[in-house]
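Taken together, the values in this text are just the output of simple stated rules run on the coordinates, not laboratory data. This structure is a prediction, so every number in the text was calculated from the model and none was measured. Glycine gets a Cβ as well: all are built from the backbone with ideal geometry, and neighbour counts include every protein chain shown.
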Amino acid sequence: MKKMLILLMLILGLFILPSQSNALNLMESFFLKITINENDSEFQWEYTSPGKYEFEKGTEVIKSEVAKQEMLAIIKTLQLSEKAKAEEMVERLKKDKYPDIERLDIRWMTGDHKLFTWVWEKK
């Protein structure tokens, strides 16, 4: 019985761990900037280490705990990771809050100085 349980745990680990191994860990990042353009409006989320958050909606700029929560929410929606695909992130955004998204621009510098960039524009 113990052998079956251990085997089951190992098999589950093979499926769960790889999908999370490259997930974004914001606290280990130097910089993250996400920009979405939709219907003549621009939304921008920015994180700068250590712990500075900013959220812009049009001309409104928020730099409080609200900005941090907005950043965490958009990261969750995007499922941002090193292996993320722009088209897949755009589909998630369309289903969530941005059905008429026209442009997505993401710049992420990890803690080990790797720069990841995704740009998508509606054709």
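For the residue pairs K94/K122; K83/K122; K85/K122, the alpha carbons lie more than 18 Å apart in K83/K122. Starting from the 7 Å offset along Cα-to-Cβ, what nm value, one decimal, do you get for the label separation of K94 and D112? My value for the distance between the label points is 3.4 nm. Per the Kirkwood formula applied to alpha carbons, the stretch 73-123 shows a radius of gyration over Rh ratio, Rg over Rh, of 0.98. Three semi-axes describe the equivalent ellipsoid of the stretch 25-121; taken as square roots of 5 times the Cα gyration tensor eigenvalues and ordered largest first, they are 20, 17, 11 Å.
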